[in-house]
Amino acid sequence: MKRPLFTFFAVTILGVSNFGQSNPDPKFIAYPATLEKAKAKSVDFKKNPDARTFRTRLTEGLRGGVNFAGHYIVVGWGCGTGCISGAIIDGRTGEVFWPEQFNALGVWYGADSYVDQPVAYKKNSRLLIITGVPGEKSEDAPDRPSGVYYYEWKNNRLRQIKFVTKPTE
């Protein structure tokens, strides 16, 4: 009689402990991309005149080669203390994409707590992870909480797949 009672309690306790666990964070391997060599000779400034403002950074990024989602290149630059901006270049065509999430990306958790690696990505994955506060604060874009944002690069745009809040320090 003791053995079935023990088994019942063991199964119940294990079941309850697993019930409260959240879904695991997305992993790079779950969003594969076929790796290609960049073929574009230059950044396409005709299709995107705004790219001329960042001609040097974008050109250097293209020369650096593919570093994201198979044939794309993530390029970033500073825009002040605790702030970075960037773009994504299609390594096949040289076309430049300006994800809203890269516009004045806040790289902090709290007033004095900066993030060491605000943007994480891999050349063989469509997953891009932003730690901090993505995008610029404006009237059109409400304040976003600080945390870890998971995005999938799909159809030349970032699509949010998960957000994990992080406490401010």
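The values are calculated or read from the model by the stated rules, or taken from the named source; none is laboratory data. Quick caveat, the model's predicted, so the values are computed rather than measured. Glycine gets a Cβ as well: all are built from the backbone with ideal geometry, and neighbour counts include every protein chain shown.
Number of residues in region 140-158 that are at pLDDT 95 or above and either touching a Phe, Trp or Tyr at 6+ places or on another chain (Cβ under 8 Å) or within 14 Å of L105 (Cα to Cα) (or both): the value is 6. Filtering region 41-93 to residues that are touching a helix residue (DSSP H, G or I) at 6+ places or on another chain (Cβ under 7 Å), buried (at least 21 other Cβ atoms within 10 Å of the Cβ) and in a loop (DSSP other than H, G, I, E, B) leaves only V43.
Residue-by-condition table, conditions (1) under 18 Å from N124 (Cβ atoms); (2) at pLDDT 95 or above:
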{"residue": "S17", "(1), (2)": "no, no"}
{"residue": "S22", "(1), (2)": "no, no"}
{"residue": "A30", "(1), (2)": "yes, yes"}
{"residue": "A33", "(1), (2)": "yes, yes"}
{"residue": "E36", "(1), (2)": "yes, no"}
{"residue": "E60", "(1), (2)": "no, yes"}
